[in-house]
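This report refers to the structure that appears directly beneath it.
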Amino acid sequence: MKIAILGGTGRIGEGLATRWATRHNIYIGSRDVEKAKNAACGYSCRLTDQGFECQIDGTSNKEAVEKADVAVLSVPFEAALDLIECLRPVLKNQILISLVVPMKKENGSFEYTPPEEGCAALRIQHLLPGVKVVSAYHNLSYRKLCKIDLDIDADVAICSDNEDAKQVVMDLTREIRNVRPLDGGPLKEARMIESLTPFLINMAKRNGLSDLGVKFV
Ligand SMILES: NC(=O)c1ccc[n+]([C@@H]2O[C@H](COP(=O)([O-])OP(=O)(O)OC[C@H]3O[C@@H](n4cnc5c(N)ncnc54)[C@H](OP(=O)(O)O)[C@@H]3O)[C@@H](O)[C@H]2O)c1
């Protein structure tokens, strides 16, 4: 499969790219092609040094989407809305994964700040009618993802109004070591999952923990 990671130069972008690059062609997207190429080169070197074969290229966000079957929107919320406008002409049959969490930091703790549609995923779907939007990975820690040998031991709730697209993302999720995909229902349920992220960050800080995830038992 061809996977574009938009904003793949960032933290969670690196984690997902390196987890999938041994099985799929990865296109790291960026506003700055040189930055994307450097990031792609760095991720490839890291994997090669650990004995993995991989295919990771760096390019613009637009070209990454054009080449992809699946695109991951891996930028901060406000940036995501601007980026979507630029990508609208090239977003057609791809599956678009949103892991975007709208949140702000106030008085030392994080607060969920959903748009009027209810959550980021619904806003994105509203802006891109006809695109197969899937919501996933909001509660995974980029630090854990980046350690590619690490068993993450977490669940990922996956929400979408398109069942076929949801299944594709569930299969991709199974490839991340010890991460269990769960059907989270329609896209409107993404609100609950997005809102957990600031809660997890705040709770980790209060309890002297880090990189908390979610497991349903
Ligand atoms: N970090 C985590 O553990 C984690 C976990 C789950 C979900 N998330 C969500 O995943 C998304 C990315 O998080 P992150 O921590 O990886 O973010 P990040 O490292 O701060 O940023 C990711 C990338 O976004 C691009 N970007 C920044 N501002 C932009 C703008 N104005 N327009 C277009 N692109 C812009 C940058 O790429 P270029 O400069 O190369 O264009 C940057 O490398 C966020 O929505 C976050 O809520 C993060």
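Neighbours of A165, meaning other residues whose beta-carbon lies under 13 angstrom from its beta-carbon, give a summed charge of -4 when Lys and Arg score +1 and Asp and Glu score -1. Amide H to amide H distances under 5 Å link F110 with N202, where only residues 5 or more positions off or on other chains count and H is placed in the peptide plane. Solvent-accessible surface of the stretch 87-127, averaged per residue with a 1.4 angstrom probe and all protein chains in place: 49 square angstrom. Accessible area per residue for the stretch 176-217 is 61 Å², calculated with a 1.4 Å probe on protein heavy atoms, without ligands, DNA or RNA. When the C-alpha to C-alpha distance is required to be over 25 Å, the pairs from K166/K205; K37/K147; K2/K92 that qualify are K166/K205. Between M192 and T48, the FRET efficiency from the beta-carbon distance, with R0 = 30 Å, is close to 0.15.
Protection proxy ranking, highest mean first, for peptides 169-180, 203-214: 169-180, 203-214, where packing is the per-residue count of other beta-carbon atoms within 10 Å, averaged.
At R88 and V217, where each label point lies 7 Å from the Cα along Cα→Cβ, what is the point-to-point distance in nanometres? Inter-label distance under the simple model: 4.7 nm. What does a probe at D164 reach in the stretch 113-131, counting residues whose amide N is under 15 Å from the point 7 Å along Cα→Cβ? What the label zone holds, given the 15 Å backbone N cut-off, is 130-131. Here the sum of -39500 (n - 2.57) over DSSP H runs of 4 or more residues, divided by the residues of the chain, equals -12000 deg cm²/dmol at 222 nm, to the nearest 500.
Roughly speaking, to the nearest percent, how much of the stretch 2-207's 1.4 Å accessible area is carbon and sulfur? Carbon and sulfur atoms account for 48 percent of the accessible area of the stretch 2-207.
Would you mind getting me the FRET efficiency between E175 and Y142? Use the beta-carbon distance for r and R0 = 25 Å, nearest 0.05. With R0 = 25 Å, the Cβ-Cβ based efficiency is 0.90. If you find the alpha carbon centre of the stretch 135-196 and of the stretch 71-96, how far apart are they in angstrom? Taking the Cα centre of the stretch 71-96 as reference, the centre of the stretch 135-196 is 19 Å away. For the chain, a crude dipole built from +1 on the beta carbon of Lys and Arg and -1 on the beta carbon of Asp and Glu, taken about the Cα centre, is about 320 debye to the nearest 20.
The values are calculated or read from the model by the stated rules, or taken from the named source; none is laboratory data. Here the structure is a predicted model, which is why all the values come from computation and not from measurement. Please note: Cβ atoms are built from the backbone with ideal geometry, for glycine as well, and neighbour counts cover all protein chains shown. To get the accessible areas, we keep the full protein, side chains included, count just its heavy atoms, and leave off ligands, DNA and RNA. Shrake-Rupley method; radii C 1.70, N 1.55, O 1.52, S 1.80 Å.
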